[in-house]
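Written below as structure tokens is the structure these notes are about.
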Amino acid sequence: MKRRNQWLTAPLAAGLAAGLLSGCGTDGGGSGGTDGGVVIGMSDEVLATDPASGYDPGSWLLFNNVFQSLLSFPKGSSTPQPEAAKTCDFDKGGSTVFRCTLRDGLKFSNGNELTSKDVKYSFERSLKINDKAGPAAVMLGSIDTIETPDEKNIIFRLKVPDATFPSKIASGAGSIVDHREYAFDQLRTDQKAVGSGPYKLDSFGRTEASFSVNENYKGTAETKNTGVTMKFFHGDQKALAASLKERDVDIAYRGLTADDISELEHSKAENAEGIEVVEGSSAEVQHLVFNVNDPVVGKPAVRKAMAYLIDRDALVRDVYQSTATPLYSIIPSGIGAHNTAFFDTYGGSPQPDKAKRALRGAGITGKVKLTLWATPSRYGPATVEEFKAIAGQLNKSGLFDASVESVEINEYEENIAAGKYGVYVKGWVPDYPDPDNFTLPFFGKDNVLGNNYENSRITDGIIPDTAAATDRPTAEEDFNKLQEIVAEEVPIIPLWQGKQYAVAYDDISGLEWTLDASTVFRFWEISKG
């Protein structure tokens, strides 16, 4: 299971953006959006406008606003609720048959009627294309068959019990397309999109993306603006900050450094007056990952010694200026079944004596020599500084001789796949706000970490058991066991959980409803004036 472009770029306010969207606005400075429209600068690239391909945060932002799914995540909630559907439920007593009934009067932005045929077509199309950069294999793989007894009703029959299926189809992976507009066996390549969501995509290109309100939309969202324009800055953080100060954009979402955030928040300069920082919750995480087949960190004692020595508080304070929070387990705060297994096992501050005992108990008497590998092009330049800080913490104990290397993303991923790295960084932006999305991808069979770790208690017992639990709180005991196993065996060390930030002018409202653990950035909640 792999979300190809959803690995975290860095804490949301601190990392180098892969790209930053930018669009029309004013020529040479001014007032951002006008007539109720909003201009947003954003760090992530939008890599696709076709839901069968896009599987990255930027693309899903577009999908969540342009397309409808049967279910969606209401603001502030991690429980999916009906959206294009009027009702959706599993058959009583199981989690293999899921039935939905559509709302009345659904239409696409082009005026075409939306029926069960479009729903079936959309899911089967994604599975048919199975694009390597798309969500089908990861998010829709449990679908066996889809039945449409009439124009309003859809029946999903699943291969295995999957209580997370409602959350999966409430995400961008559940986007419904017009069967008349999208070929069944190939991706759309004209950078256009036809959906039934709150907004329609008017234009999309390298330098701009513009969205207007979809007058045909019927669903739960109530739009509070007349449209949205996005501007591309392609990783130029200084240009984004300058554009915000000049009011070429109303909002900067993702992509500003921690220094930029601090400066804008506290600046008394005239050109920064009226700018406010809005902080929201996030379920994005970063981990230190160990190749358990590596001759050095393949030894559990080495991994445990590192867990005793890493000072997360110092990392988030000194490297990220508190734009993240320390993370002590694989399931982040705000997600069901979160615990503090690593804190309970290894403490919250460096314990060199315990680290030394762990190494000596395994017969390791000399300094442990190792290299920490990072990639600034995926996780931001701050990651290299973070890893240097971690190496410093390890070396300060006198037990390690750690160094840091960084390479570009293609070489980085190739070398991980080839088993060349012992210790490296991975981050994760969740597909849906359920503990399953922080456990199955990392510890299921063929996990996304590429670290050769597998535990049969997890893969053959806990993961299928938790997947079958339609009453999610009843799965918490199993998720707790999983977190405790990971803390004991240390195939990864969780480092931090990001915070979400948007920086905007004080006449912009509603941003607090776009920054929650669902990771859905809701255009419709934002208003200006």
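The values are calculated or read from the model by the stated rules, or taken from the named source; none is laboratory data. This is a predicted model, so every value here is computed, not measured. Cβ placement follows ideal geometry from the backbone for every residue including glycine, while neighbour counts extend to all protein chains displayed. What goes into the accessible areas is simple: the full protein's heavy atoms, side chains included, and nothing from ligands, DNA or RNA. Shrake-Rupley method; radii C 1.70, N 1.55, O 1.52, S 1.80 Å.
Some points to look at:
- Residue in segment 359-379 that is open to solvent by less than 10 Å² (accessible area, probe 1.4 Å) and touching a Lys or Arg at 6+ places or on another chain (Cβ under 6 Å) present: no
- If the condition is being assigned to a helix (DSSP H, G or I), surrounded by fewer than 23 Cβ atoms within 10 Å (Cβ to Cβ) and in contact (Cβ under 8 Å) with a residue 40 or more places away in the chain, then segment 240-255 contributes only Ser243.
- For segment 420-446, the set of residues classified as at pLDDT 95 or above, open to solvent by less than 10 Å² (accessible area, probe 1.4 Å) and over 21 Å from Glu488 (Cβ atoms) consists of Tyr421, Tyr424, Val425, listed by residue number.
- Taking residues in segment 307-318 that are closer than 20 Å to Val490 by Cα and acidic (Asp, Glu), and partners anywhere that are open to solvent by less than 10 Å² (accessible area, probe 1.4 Å) and part of a helix (DSSP H, G or I), the pairs with Cβ atoms closer than 9 Å and at least 6 places apart or on different chains are Asp311/Ile390.
- Answer from Leu449, Leu495, Leu482 - the residue that is modelled with pLDDT of 90 or more, under 18 Å from the mean Cα position of the chain (by Cα) and farther than 28 Å from Ser175 by Cα: Leu495
- Of the strands (runs of 3 or more DSSP E) lying entirely inside segment 96-200, those containing at least 3 residues that are open to solvent by 20 Å² or more (accessible area, probe 1.4 Å) are 97-102, 143-147.
- Hey, Gly334 open to solvent by 50 Å² or more (accessible area, probe 1.4 Å), farther than 30 Å from Leu244 by Cα and small (Gly, Ala, Ser) or not: yes
- Residue list for segment 71-95, filter: under 27 Å from Ala468 (Cβ atoms), assigned to a loop (DSSP other than H, G, I, E, B) and in contact (Cβ under 8 Å) with a residue 24 or more places away in the chain: Phe73, Pro74, Ser77, Ser78, Pro80, Glu83, Ala84, Gly94, Ser95
- Residue pairs whose Cβ atoms lie under 7 Å apart, sitting 6 or more positions apart in sequence or on different chains, and linking a residue in segment 387-399 that is part of a helix (DSSP H, G or I) to a partner that is of a type in the set (D, E, K, R), are Ala389/Asp318; Gln393/Asp311; Asn395/Asp401.
- Some residue of segment 458-473 being under 17 Å from Val289 (Cβ atoms) and in contact with a Gly (Cβ under 9 Å, 6 or more places away or on another chain): yes
- Filter pass, Ser518 being open to solvent by less than 50 Å² (accessible area, probe 1.4 Å) and modelled with pLDDT under 95: yes
- So Ser403, is it in contact with a Ser or Thr (Cβ under 6 Å, 6 or more places away or on another chain) and at negative phi: yes
- Residues located in segment 274-313, provided they are touching a Ser or Thr at 6+ places or on another chain (Cβ under 9 Å), open to solvent by 10 Å² or more (accessible area, probe 1.4 Å) and either at positive phi or in a helix (DSSP H, G or I) (or both): Lys304, Tyr308, Asp313
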